[in-house]
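Since the structure comes first, as C-alpha cells, the remarks are kept for the end.
The values are calculated or read from the model by the stated rules, or taken from the named source; none is laboratory data. Only a predicted model underlies this, so the values are computations on that prediction, with no experimental measurement involved. Counting neighbours? That spans all protein chains shown, and the Cβs are built from the backbone with ideal geometry, glycine included.
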Amino acid sequence: MTVAELADGVRADKRAVLARAITMVESRRPDHQALAQELLLEVTPPPDAPIATRVGITGVPGVGKSTTIEALGNHLISLGHKVAVLAVDPSSTRSGGSILGDKTRMGTLAVNPRAYIRPSPTSGTLGGVAKATRETMVLMEAAGFDVVLVETVGVGQSEVTVANMVDTFTFLTLARTGDQLQGIKKGVLELADVVAVNKADGDHVVEARVAARELSSALRLIHPRGALWRPPVLTQSAVEGTGIPEFWDAVLRHRSTLQEAGEFDRRRRQQQVDWTWTMVRDAILGRVEHSDGVRSVRSEVEAAVQDGSLTPALAAQRILDAFDGGS
Ligand code: GDP
C-alpha cells in the first residue's frame, strides 16, 4: 500500500487501514518509521480544519477510569461525536500487556462503530509509548474522531507526559478527607484542569461532596485568585452515569476559557515544540546508549558506581568520553 492509499484509508476511517497505520507508528523498524512520518505529514489537517478535543484522564487503578470512559464515551456519541480512546501505560512496556484501554472493561463503547479503543503500545520506553500515542492521536483525528481521550495511571512521569499531549487534563479520585487528602500527589493537582470525585453513589454521596469541598479548598492554594482557570472539583458516579454530562461541560468550559484568552493555540504550539525537543533528547540518549564506545565500558562503569569506586558524576563523564571516542 502506498502512503497516499494509506492516507485515503485513514481519512475514510477504514478500520483495517487505520489499524495498519497505527501499527506503523508504533513500530521501531526504521523503514516503518520513515513511512509513518510521510503518512503523518500527508494526513495533518489544514490549519482551518476543526480541532479535536484532547482530554487526559488519570487516577489510581480502581478509581473508575474505564467506567468513566465508558459512560463519557457513550454520552459523547449520543451528542454526535466520534470518540477515540488511547492509553499511556508505562508498565505495559515491562509486562507486555496493558491494563489500560482494555476493551473488556469498556464493553459497550468497544463495540460502538463511532468509538475506537487502542491499548497502550507494549514495547519501548515511556518516551517511545508517548511518541506512538501522540502520532496515533493525529491519525485518529484525521479519521474524523473529534474527541480523543487519553487514559493513564499516576506512575512516574506518565501523568506529565499525558498532560503535555492534551488540552484538558482531568484527575479522578475517591472521597478522601482530612489526612487522606495528603495521599494525593501534589504534582497531579498542579496538572489537573478538572477534578472529579468518582463513586458518588449509594451511601457515599454525602462523603463525596464533603471530599470535593475539601479538595476544592486545597486546590485554591495551588491556583491563585485571578488565574485564568481554577479547576472545578465535581462529583460523579460513573456506574450510574450521574455527573458525566457535567464533567464534559467542565472540559468544554476549560477549552473555551483557554481559547478566548488565546492560550489554547499557544499551548498546542508549545506542545509541538516541546515534543520536538523530547524526541531530540530521546534520540541522543539512544545514540549514547547504543554506541560501541559506551557499550564497551558500560558494565565496568556501572559496577564501579555500585561499589563506590567511582562517583556518579565521574561515571557520567566516563560514559560521555566513551561516546565521543568510540562511535
Ligand atoms: P480503573 O482501574 O480506574 O479503570 O477502574 P474501573 O473503571 O475498572 O473501576 C474499578 C471498579 O470500581 C469496578 O468494579 C467498577 O465497577 C467500580 N466503579 C467504577 N466507577 C464506579 C462508580 O461510580 N461507583 C461505584 N459504586 N463503583 C464504581
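Just to be sure I understand, how many residues within the range 220-260 are of a type in the set (Asp, Glu) and over 28 Å from GLY62 (Cβ atoms)? Full working, then the answer.
Keep residues of the range 220-260 that are of a type in the set (Asp, Glu), which gives 240, 246, 249, 260.
Now narrow it down to the ones that are over 28 Å from GLY62 (Cβ atoms): 260.
Number satisfying all stated conditions: 1.
Conditions tested, residue by residue: (1) at pLDDT below 95; (2) under 24 Å from PRO45 (Cβ atoms); (3) away from the ligand (no atom under 16 Å from the Cβ); (4) among the hydroxyl-bearing types (Ser, Thr, Tyr).
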| site | (1), (2), (3), (4) |
| --- | --- |
| ILE77 | no, yes, yes, no |
| ALA84 | no, yes, yes, no |
| ASP89 | yes, no, no, no |
| ILE99 | yes, no, no, no |
| LYS103 | yes, no, no, no |
| THR122 | yes, no, yes, yes |
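If you take the residues in the range 152-161 that are within 14 Å of the ligand (Cβ to nearest atom) and hydrophobic (A, V, I, L, M, F, W, C), which one is modelled with the highest pLDDT?
VAL153
From the list PHE145, PHE171, exactly one residue is within 16 Å of the ligand (Cβ to nearest atom) and modelled with pLDDT of 90 or more. Which is it? Write out each step before concluding.
Values: PHE145 fails: within 16 Å of the ligand (Cβ to nearest atom).
Sole residue among the options that is within 16 Å of the ligand (Cβ to nearest atom) and modelled with pLDDT of 90 or more: PHE171.
Quick check on my filter: what residues within the range 176-208 are within 11 Å of the ligand (Cβ to nearest atom) and either of a type in the set (A, V, I, L, M) or at pLDDT below 75 (or both)? Steps first, answer last, please.
First pass over the range 176-208, keeping only residues within 11 Å of the ligand (Cβ to nearest atom): 196-205, 208.
Listed by number, the residues that qualify are ALA196, VAL197, ALA200, VAL205, ALA208.
Given the residues LYS199, LYS185, which is the only one that is basic (Lys, Arg) and at positive phi? Before the answer, list the steps.
Numbers: LYS185 fails: at positive phi.
Every option except LYS199 fails the conditions.
Report whether or not THR257 is farther than 26 Å from GLY127 by Cα, surrounded by 11 or more Cβ atoms within 10 Å (Cβ to Cβ), away from the ligand (no atom under 16 Å from the Cβ) and not assigned by the TED database to the domain that holds LEU76.
On the way: farther than 26 Å from GLY127 by Cα: yes; surrounded by 11 or more Cβ atoms within 10 Å (Cβ to Cβ): yes; away from the ligand (no atom under 16 Å from the Cβ): yes; not assigned by the TED database to the domain that holds LEU76: no.
Judged against the criteria, THR257 is not a match.
Of everything in the range 209-233, what is within 16 Å of the ligand (Cβ to nearest atom) and crowded, with 16+ Cβ neighbours inside 10 Å? Give them in sequence order.
Here is the first cut: in the range 209-233, the ones within 16 Å of the ligand (Cβ to nearest atom) are 209, 211-212, 233.
Residues satisfying the conditions are ALA211, ALA212, VAL233.
For the range 272-294, which positions are aliphatic (A, V, I, L, M) and touching a residue at least 40 places away in the same chain (Cβ under 8 Å)?
Our first condition is that a residue be aliphatic (A, V, I, L, M); within the range 272-294, this holds for 273, 279-280, 283-285, 288, 294.
Once the filter is applied, which keeps residues that are aliphatic (A, V, I, L, M) and touching a residue at least 40 places away in the same chain (Cβ under 8 Å), the range 272-294 yields only MET279.
Please find, among PHE145, PHE169, the residue that is more than 16 Å from VAL63 (Cβ to Cβ) and assigned by the TED database to the domain that holds PRO119. Break it down stepwise before answering.
Details: PHE169 fails: more than 16 Å from VAL63 (Cβ to Cβ).
On inspection, the qualifying residue turns out to be PHE145.
Since GLY308 meets every condition but one in (1) in a loop (DSSP other than H, G, I, E, B); (2) surrounded by 16 or more Cβ atoms within 10 Å (Cβ to Cβ); (3) not aliphatic (A, V, I, L, M), which condition does it not meet?
Every listed condition holds for GLY308 apart from (2).
Can you find a residue in the range 285-299 that is among the hydroxyl-bearing types (Ser, Thr, Tyr), more than 16 Å from the ligand (Cβ to nearest atom) and in contact with a Ser or Thr (Cβ under 6 Å, 6 or more places away or on another chain)?
To start, the set of residues in the range 285-299 that are among the hydroxyl-bearing types (Ser, Thr, Tyr) comprises 291, 296, 299.
Narrowing further to those that are more than 16 Å from the ligand (Cβ to nearest atom): 291, 296, 299.
Now drop any that are not in contact with a Ser or Thr (Cβ under 6 Å, 6 or more places away or on another chain), which leaves 291.
There is at least one residue in the range 285-299 that is among the hydroxyl-bearing types (Ser, Thr, Tyr), more than 16 Å from the ligand (Cβ to nearest atom) and in contact with a Ser or Thr (Cβ under 6 Å, 6 or more places away or on another chain).
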